[in-house]
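What follows draws every value from the coordinates through simple rules; no lab data is involved. None of the values given here were measured: they were computed from a predicted structure. Positions of Cβ are generated from backbone atoms using ideal geometry, with glycine treated the same way; all protein chains shown enter the neighbour counts.
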Amino acid sequence: MKKSFILGIIATLLFTSAQVCIAKNKVLKIATRQSPPFSYQDKYGVWKGISIELWQNIARINNYQYTFEDTNLHELLDGVKNGKYDVGVAGITITSDREKFLDFSQPFISSTLGVASLNDNSPWLSVLHKFISLTFLKVLLMLIAVLLLAGLGVWFFERKKNEEFGGKSHSGLASAFWWAAVTMTTVGYGDKSPRTPGGRIVGLLWMFVSVIILTSFTAAIVSSLTIASTESKVTLNSLRHGLVATVPNSVADVTLKKFNITPLNFNTCEGMFDALSKGKVDYLVYDLPVLRYYGTKYGPKFNITALEKYRQDFGFAFRLDSPLENDVDVELLRIVHSPSWRDIKTRYLGNWTSDLR
């Protein structure tokens with residue numbers, strides 16, 4: 001019994017070693033696709049990109065022989081699953097659904113989904129949008145309410161003994177509101193002032209309190225304008241009101257359908273951005289690093305926004321129980337924790353490396 005167990009272990013080790021040797025000696029078929037900045041062909045037909053360069057470094061260290069096979073996302077995933085390709089190397093998102101029929105390497109980049117829209121707003125419209133934001137209006141209404149409260153306190157004491165706050169109720173309250181406003185802003189025209197002991201006590205308290213309130217409200221207003229200037233105008237809910245495009249079978253495609261949004265499908269990002277430029281679609285939803293790459297390539301006419309709640313991890317795809325996976329992971333982790341990895345990402349993404357984790 002013990003001898004059989006030992007022989008079984010030896011046979012397993014020999015079989016595994018044989019698999020690894022075969023994998024290292026044969027020419028591997030690497031499935032990839034046009035997905036800048038992860039993978040793309042230059043004008044000479046040479047494959048480049050973050051994923052491509054990472055794979056080339058790993059293959060050199062492990063002495064792999066390989067050829068790149070150009071395909072699309074669906075054929076890449078299906079081909080790796082069925083053994084047509086040995087590894088999938090591109091911008092491949094690791095998901096639980098894909099883990100059911102594929103193995104993945106350790107993630108080498110984490111980012112999120114993004115939304116691209118046509119940036120056709122004039123600067124004046126952008127400024128106007130900030131000032132009519134809901135946050136700003138809430139702050140403004142609160143400020144008016146506080147001014148009315150202070151004015152009401154002065155009017156209560158002054159209405160019968162001070163003609164500056166007298167007359168009909170609406171006239172007296174309007175004068176009190178004016179007094180509260182000029183006092184808060186320290187303008188102090190002096191055209192209206194409390195004269196009764198009660199009114200002056202309210203006025204004295206208001207002068208001290210208004211300093212604190214004015215500082216707080218100023219900070220809140222500035223904050224609301226800052227938020228309005230940086231907030232995305234596009235959310236997944238707002239996508240329901242326009243035509244949305246993405247790449248078929250992608251994570252973005254699946255996510256949109258979960259929100260009952262049926263997107264138009266384009267096999268290439270060039271096709272999507274061309275449709276967006278011509279007004280054939282309103283939004284593009286896809287991997288944020290890819291959208292950033294094309295947004296930088298085509299200039300400032302596009303507005304690219306991150307959807308922070310939709311994290312994506314990118315890795316290499318293997319068929320289940322692939323003998324390559326362990327050796328690839330060892331070198332992948334070594335490279336992504338080296339100083340050269342940041343240089344590689346910066347070379348392809350420039351200033352947008354902050355999108356990556």
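In the set Ser96, Ser105, only one residue is surrounded by 17 or more Cβ atoms within 10 Å (Cβ to Cβ) and polar (S, T, N, Q); that residue is Ser105.
A count restricted to the stretch 178-205 and to residues that are of a type outside the set (D, E, K, R) and surrounded by fewer than 19 Cβ atoms within 10 Å (Cβ to Cβ) stands at 16.
Those strands (runs of 3 or more DSSP E) of the stretch 244-354 in which at least 1 residues are touching a helix residue (DSSP H, G or I) at 6+ places or on another chain (Cβ under 7 Å), crowded, with 21+ Cβ neighbours inside 10 Å and free of Cβ contacts under 8 Å to residues at least 60 places away in the same chain, considering only elements entirely within it, cover 244-246.
Restricting to the stretch 24-70, and then to whatever is of a type in the set (Phe, Trp, Tyr) and in contact with a helix residue (DSSP H, G or I) (Cβ under 7 Å, 6 or more places away or on another chain), can you tell me which residue is nearest to Glu325 (Cα to Cα)? In this case the residue turns out to be Tyr64.
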